[in-house]
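One structure is given below, encoded as structure tokens.
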Amino acid sequence: MKFVFMNLMPYRDLPKNFEKDYESVFITIPRTLYDPVKGHEMYNDYLSQYELAIDLGFDAVGVNEHHSNGYGMMPSPNIMAAAVARKVKDSEKACLVVLGNSLALYNPPIRVAEELAMLDVITGGRLIAGFPVGTSMDTNYAYGVSPAELRPRYYEAHDLIKKAWTTDEVFHFNGKFNQLRYVNVWPRTYQKPHPPIWIPGGGASLETWDWVAENDYQYSYLSFYGHKFAQDKFDQFWERRQQKGYDMNPYKTAFVQLICISETDAKAQEEYEEHVRYFFDKSFHVSPRYAEAPGYRSARSVAHGMQRQYGSEGAGAQLRKGLNWQQLIDQGFIVAGSPASVRDQLKEAAKKLNVGNIIALLNHGSMPHHLTCKNIELMAKEVIPYLKDMWDDQWPVTNWPEVQLNKQVVK
């Protein structure tokens, strides 16, 4: 089992009544709510948390890309990745997961090829490259990409980056959205032919799952509704792989889970509940009007997704009912409690979902730095050692940098 520490880098000081007084944490959140002095402290706290996770032996640390929001202050994941790259390079085993660059937003996309190649060389071949399509909020509303062009732009950018990484000769590229006379990306990637590629997604798309399998990529399901909400998505994912003749190796997938650990179950509630509620009430306060631009997905997919999120029986509707702490645990929105309780919950979730990579969210909403550090340390010392070997006798690790698998330290 592989464990990735990912920090959304939330703005942890939104007004008390933010969800009542403001339309959305994405797109229309007033800039006047951002205090750069507080932001300075938060950014440096978050970078220290990444460094702590590396020191404590997490398999990887992950960064991501979002825009125009107070949910995650990371519009440029590559800047944050660069800030921890040398720490990753000097670690015993850590990798760097850029999960990732929203390819359709880069003009030209070879910028992604260049910057990720730099990170791969700096870390000595410890990079994992994530290529998300990007949320509609980020791509259509914040950056103004036409929904009708988003996916064609994404696939063309993907093809250009892959060719730039694997072609030694200078070549020209004449696509619909990108016309380049000379493509000659320096530096070359450290890993050959290129870093492992993970595809993050937040829905059930047979086309995406088939494309991931055909390219031998890894699929990362990114949802903050927890492991029980993810069950039907993973059931469909594995059923589709079997239908297409692919194996059931759990390392072909990852899922995101909010985790809260303390000395006892009761103390976990005492320490974390207000911060978890801040996350769901404020950081997760997204207006439905920005959730899906028309054309971002098919009408059928949008209707299905909106029903699951905003309909009377959807996960979002369940959250709005005001679930108590134990209900949040029972319904899988969070994994929380003593180390023993968390181990049991995570093991059950990983087995049921058949996943080999857990992306651990250990910093929630308004959590102070010291509590996040405690959460990271308990996860590293009291949870991961008990779960890391659970797939070893069944499946080989795939879609990870070879240098990490070989336990080499690149100096």
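Bear in mind that the values in this text are calculations on the coordinates, not laboratory data. Quick caveat: nothing in here was measured; it's all calculated off a predicted structure. Neighbour counts run over all protein chains shown; Cβ positions are idealised from the backbone, glycine included.
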The residues Y34, Y46, sorted from fewest to most surrounding Cβ atoms within 10 Å, come out as Y34, Y46
Could you check which residue among N215, N178, N78 shows the biggest mean-square fluctuation in a GNM of the chain with a 10 Å Cα cutoff?
N215
Of S287, S91, S262, the one that fluctuates the most in a GNM where the chain has Cα springs shorter than 10 Å:
S287
Separation of alpha-carbon centers, the stretch 134-167 and the stretch 53-96, rounded to whole Å
22
Taking Lys and Arg as +1 and Asp and Glu as -1, residues besides E348 with C-beta under 14 Å from its C-beta add up to +3
Three principal axis extents, largest first, for the C-alpha atoms of the stretch 1-121, in Å?
46, 37, 29
Compare the peptides 36-42, 206-212, 110-116, 132-138 by average per-residue count of other Cβ atoms within 10 angstrom and give them in order, highest first.
132-138, 110-116, 206-212, 36-42
Label point 7 Å out from Y182 along Cα-to-Cβ: which residues of the stretch 138-170 have amide N under 12 Å?
170
Relative contact order, percent, of the chain when contacts are C-alpha pairs under 8 Å separated by at least 6 residues?
23
Report, in deg cm²/dmol and to the nearest 500, the calculated mean residue ellipticity at 222 nm for the chain, where each DSSP H run with n ≥ 4 adds -39500 (n - 2.57) and the sum is divided by the residue count.
-12500 deg cm²/dmol
For the chain, what is Rg from Cα atoms divided by 2.2 N^0.38 Å, rounded to two decimals?
0.94
Given a cut-off of 18 Å, name the pairs among K2/K163; K2/K252; K20/K321; K163/K192 whose C-alpha atoms lie farther apart than that in the structure shown.
K2/K163
How much length is gained if the chain between E92 and A340 is pulled fully straight, taking 0.36 nm per residue apart and subtracting their Cα-Cα distance, in nm to one decimal?
86.6 nm
Residue order, fewest to most beta carbons within 10 Å, for S24, S76:
S76, S24
Quick one: among V145, V355, V276, which has the greatest mean-square fluctuation in a GNM of the chain with alpha-carbon springs under 10 angstrom?
V145
Can you sort R86, R188, R12, R297 from fewest to most other Cβ atoms within 10 Å of each residue's own Cβ?
R86, R188, R297, R12
Cross-link candidates for K89: which aspartates and glutamates have Cα within less than 18 Å, leaving aside residues fewer than 8 places away along the same chain?
E51, D55, D59, E115, D120, E402
